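Reviewing the structure listed below.
Read-outs throughout are calculated quantities, based only on the coordinates presented, and are distinct from any laboratory measurement. The model shown is predicted, which means the values in this text are computed figures rather than measured ones. All Cβ positions, even for glycine, are placed from backbone atoms using ideal geometry, and neighbour counts span all protein chains on display.
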Amino acid sequence: MASGKSDELKGRVKEAAGALTGDKKLKREGKADQVVGKIKQKVEKVVDKVKDALS
């Protein structure tokens, strides 16, 4: 499973490629990947806090 940071980076690359080529679909996919990456990062932080609290 990809980490949130890698999803966010992948999304930035896709968005930039879409902007350069004029591919609106690719640009939207890139933005969506970035959102998914940010959500994963927030979930990872919550999971870490819960693990710390239970330790």
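Here the label points at Leu9 and Lys25, each 7 Å from Cα along the C-beta direction, are separated by 2.7 nm in the simple model. With 22 Å as the limit, the listed pairs Lys24/Lys45; Lys14/Lys45; Lys14/Lys49; Lys5/Lys45; Lys10/Lys49; Lys14/Lys51 have Lys24/Lys45; Lys14/Lys45; Lys14/Lys49; Lys10/Lys49; Lys14/Lys51 beyond it between alpha carbons.
For the chain, the alpha-carbon coordinates run over 50, 14, 12 Å along the three principal axes, in decreasing order.
A full extension of the chain between Ala32 and Val46 corresponds to an added length of 2.9 nm, given 0.36 nm per residue minus the alpha carbon distance. Per residue, the chain reaches -31500 deg cm²/dmol at 222 nm when only DSSP H runs of four or more residues are counted, each adding -39500 (n - 2.57).
A Gaussian network model of the chain, with springs between Cα atoms under 10 Å, assigns the largest mean-square fluctuation among Val43, Val13, Val35 to Val43.
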